[in-house]
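Scroll down for the structure; my scribbles are underneath it.
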Amino acid sequence: MSAPAAAPARGDRALGEALFPYVLRLADTSLVLGQRLGEWIGHAPALEEDLGLANLALDLIGQARLLLTYAGEIEGRGRDEDALAYLRDAPEFRNLALAEQPNGDFAHTIVRQWLIDGWQLEVYEGLTGSADMRLAAIAAKALKETRYHYRFSSGWLLRLGDGTAESQARAQQALDSLWRFTEELFAPDEIDERMAEAGIAPRLGAAAGRWERRIGQELRTATLTLPERRPHPWYGKCGVHTEHLGHLLGEMQHLQRTYPGVSW
Amino acid sequence: MSAPEPAAAEAAREVWRLLARVPDPEIPALSIVDLGIVRYVREGADRRLHVGITPTYTGCPATAAIRTATRAALDESGHRDALLEEVLSPPWTSDWLTPEGRAKLEAFGIAPPVAAAAALRGAGGPARCPRCGSLSTERISEFGSTPCKAHYVCSACREPFDQFKCI
C-alpha cells in the first residue's frame, strides 16, 4: 500500500537530520516496551492481565511499525521497519531507558507502564497538532490506544498502592527503583528543542508540568510517595542505555542476526 | 475536477459491492465495509481506481490479511490496476461500524459498541448481553481475545461475552 502523506520537513536537510532520531525515540520506546511486555505472556498473575499486557504489547509494536517505517523513509537509505528493528545495535537505539528496564514483579511492570503511558499521552496529544502531517496522523491513531493503556496502568497502580500492605510496599519499591529513569522523559535536549521550534513536536517543558500534576494526584490517591529527583546518567534517547537493552535485543534480534533475511 | 463520468461511478459502486463480500478474518460475520474501514473508492486524476483502507488498531494482526484479501478481490474482478491505499487520518473509530454491521455482530454473539465519544467520557452506558438482552452486565477486562474486543459477563444469565470496544 502506498502512504500518501509527506513530511513538510523533508525538504529541509538539517531538520530532517534531527527528525530521524526524534522519530526513532518514539518508535524505539514503543518497540522495546512492547517486547518487554511480551515476556509476560503466559506468566501474568491472572488470565485477564495476561491478555491485557499482550494487547498493550500488540498496540505498542503496531505503533512502532508505523513510526519505524516513517523513520526509514526520512533517513532515505533504504532501511525498512525490519532493518531498523532487527539490525541496529544497542547504542543506535533511541528508546527511553525506562522502557528497557526488566519486568521485575507485576508492580514494577505496572509502574513502568504507568510512567511511560503518561509520557506518551502528553507527547502523542501534542503531536496530533504537529506540522508534520504523517506524525500527526500516527499520533492521533496511537493516542486512542494510549488512553486505554493509561486506564489499565493507572487503575492497577491504584489497586496495588491502596491495596494490601504487601502490594503497597511492592508498588512503592518499584516507584523508588524506576523513578531515576524518568528525568529524560520531559528534559528537552537539542533535538527536542529543534522539533518544538519547527512546530513538529510539543514543548516538553509545558507537558512536564501537566504530567507531574497528574501523577502527583494519582500517587496520593494510591497512597504512594514520589521519590526525590536525582540526576542520573542514563539517557536512552541519546543512545546511552543500561545493560538491559543489549540482552533484550539479543533475544529480539537473534533470528535475523543468525539467519540474515530469513522469513516465514 | 469535473463530475465523475457514469462509467467510473458504476465501477466504484461495483467495487463497493465487491468489498462488502470481503470478510474480516477475525470476525468473519462482518465484512470490511461493515467494519467501516473502507474509506473511499474513487477515480483519481490518473484515471485509476483508488481504494482507501484504514486500520482499526495499529497492531491488529488482521490488517495484513485484510490487505491481501482486498487485493485478491480486486484482482479477481478485473481491477488489477486499482490502487490500494492505507489511510491513517482521521483515525478509525468504532462509530464507523454500519447499522448492518452492528446487527450482524449481535447475532454473532458479540455486543456492538456504544458511541465512542460517550464511552470515552465514561457515559457510554452498559453493554447489552447478546444472549439474553439484559443491560445488567459487568466488564471483566478492557481486553479480550482480539484488540477490538473487551470481556464482559452478564449478571442476569451469567454468560460471559465480548463487547466490540468503543474507541
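The values are calculated or read from the model by the stated rules, or taken from the named source; none is laboratory data. Everything numeric here is computed off the predicted structure, so don't read it as measured data. Glycine gets a Cβ as well: all are built from the backbone with ideal geometry, and neighbour counts include every protein chain shown. The accessibility values were calculated without ligands, DNA or RNA, using every heavy atom of the protein model including side chains. Shrake-Rupley method; radii C 1.70, N 1.55, O 1.52, S 1.80 Å.
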Rounded to the nearest 10 Å², what accessible area does B:CYS60 show when all protein chains are kept and the probe is 1.4 Å? 20
Eigenvalues of the alpha-carbon gyration tensor of the range A:117-189, times 5 and square-rooted, give semi-axes in Å, largest first, of 30, 16, 6
Give the average, rounded to an integer, of partner chain Cβ atoms located within 10 angstrom of each Cβ in A:142-148. 4
Of the trypsin sites (Lys or Arg not before Pro) in the range B:86-122, which ones lie in a loop per DSSP and count no more than 13 other C-beta atoms within 10 Å? B:ARG121
Based on alpha-carbon centroids, what's the gap between the range B:73-141 and the range B:1-62 in Å, whole number please? 16
Quick one: if you stick a label point 7 Å off each Cα along the C-beta vector at A:HIS43 and B:ALA29, how many nm between them? 3.7
Per the 1.4 Å probe, what fraction of the accessible area of the protein assembly as shown, in percent, lies on carbon and sulfur atoms? 54
Residues meeting the amide H criterion for B:THR137 (H placed from the backbone, H to H distance under 5 Å, 5 or more places apart or on another chain) are B:SER155
Helix A:13-38: inclination vs chain A longest Cα principal axis, degrees, rounded to 10, gives 40
Roughly how crowded by other chains is peptide A:55-62, in terms of the mean Cβ count from those chains within 10 Å of each of its Cβ atoms? 5
Based on the Cβ-Cβ distance from B:SER134 to B:ARG42, what FRET efficiency comes out when R0 is 51 Å, to the nearest 0.05? 0.70
From the P(r) of chain A, could you give the percentage of C-alpha pairs in the tail past 28 Å? 32
Tell me the Rg and the Dmax, in Å, that the Cα atoms of the range B:6-92 produce. 12.4, 39
Please give, to one decimal in nm, the separation of the simple spin-label points placed at A:GLU92 and B:ALA117, each 7 Å out from Cα toward the Cβ. 4.6
Chain-alone versus full-assembly comparison, the range B:68-104, residues with accessible loss of at least 50 Å² (1.4 Å probe): B:GLU86, B:LEU88, B:PRO91
For the full complex of protein chains and a 1.4 angstrom probe, list A:ARG147, A:ARG213 by accessible area with the highest value first. A:ARG213, A:ARG147
If amide H atoms are built 1.01 Å from N in the plane of the peptide, which residues on other chains or at least 5 residues away come under 5 Å of the amide H of B:LYS149? B:GLY144, B:LYS165
For A:LYS144, counting only aspartates and glutamates whose alpha-carbon sits under 14 Å away and dropping same-chain residues fewer than eight positions off, the answer is A:ASP59, A:ASP117, A:GLU122, A:GLU125, B:ASP95, B:GLU142
Given R₀ = 22 Å, FRET efficiency for A:ARG13-A:GLU197 by Cβ-Cβ distance, to 0.05? 0.85
Under a plain spin-label model, where a point goes 7 Å from the Cα along Cα-to-Cβ, how far apart in nm are B:ARG71 and B:ALA8? 2.5
List the residues, sorted by chain then number, that are 5 or more residues from A:TYR235 or on another chain and whose placed amide H is less than 5 Å from its amide H. A:VAL240
A:ARG229 label point, 7 Å along Cα→Cβ, cut-off 19 Å on backbone N: hits in the range A:164-187? A:175-187
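Roughly what % antiparallel, to the nearest 5, for the DSSP beta bridges in the protein assembly as shown?
Antiparallel: roughly 70 percent of the beta bridges in the protein assembly as shown.
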